[in-house]
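Structure, as structure tokens:
Just so it is clear, none of the values below were taken in a lab; they were calculated from the coordinates. Quick caveat: nothing in here was measured; it's all calculated off a predicted structure. Heads up, the Cβs are rebuilt from the backbone with ideal geometry, glycines too, and the neighbour counts pull from every protein chain shown.
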Amino acid sequence: MRRRSNVAATAMSLLLVAFLAGDALGQTAKQPFVGSWTIVSADTVRPDGTRVPNFGSGPKGFLVFDGSGRYALQIMSANRAKFASNNRLEGTPEENKSVVQGMIAHFGRYSVNEADRTFTFQVENSSFPNWEGTAQKRPFTITADQLKYSVAAASGGGSGEVVWKRVK
């Protein structure tokens, strides 16, 4: 009985190792992305090349890529108006405008194409509903602990450039 138990435990361990190794081997292109990132900047780039901070100075944001191909992204203005009512369902038009225009959040799946140095967000849900169900392809560079990508059609209009720093 004890021998059968040891054999079963060994078999389960080997299956777990094979599963994890298979997942790791299949994720090599995603590996540089996997982890947590904080926002450095999110700028609108105008046709003349000038830059305007999308979320004001000192935006707050967090981006997570996991090894299974899922992501979650949030970027917010540090200067969103607080609600006088202290109830998010009772915001004034100005307070609601500050929130909607002062943030973007979305989540879903992602894939990486190392050959053309792009990754794609498959947006499942977004605070900007027009992006739901879309594929958002982004050219990128990763240098040391910095991820930089461009957005051809930014949610606030024009094109954008977003820079993130890896959380250590």
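Straight-line cross-link reach from K60 at under 19 Å between alpha-carbon atoms covers these lysines, not counting any fewer than eight positions away in the same chain: K82, K97, K148, K165, K168. Counting Lys +1, Arg +1, Asp -1, Glu -1, what net charge surrounds R88 among other residues with beta carbon under 12 Å of its beta carbon? Taking every Cβ under 12 Å from that of R88, the sum is 0. Look at the Cα gyration tensor of the range 33-168: its axes a ≥ b ≥ c give a/c of at least 1.5 with a/b over b/c, and that counts as prolate.
When each of V151, V112, V167 is scored by the number of other beta-carbon atoms lying within 10 Å, the sequence from fewest to most is V167, V112, V151.
Quick one: net charge of A42's neighbours, Cβ under 13 Å, K/R +1, D/E -1? Overall, the nearby charge balance is +3. Counting other Cβ atoms within 10 Å as a rough exposure proxy, the listed residues V34, V45 run V34, V45 from fewest neighbours to most.
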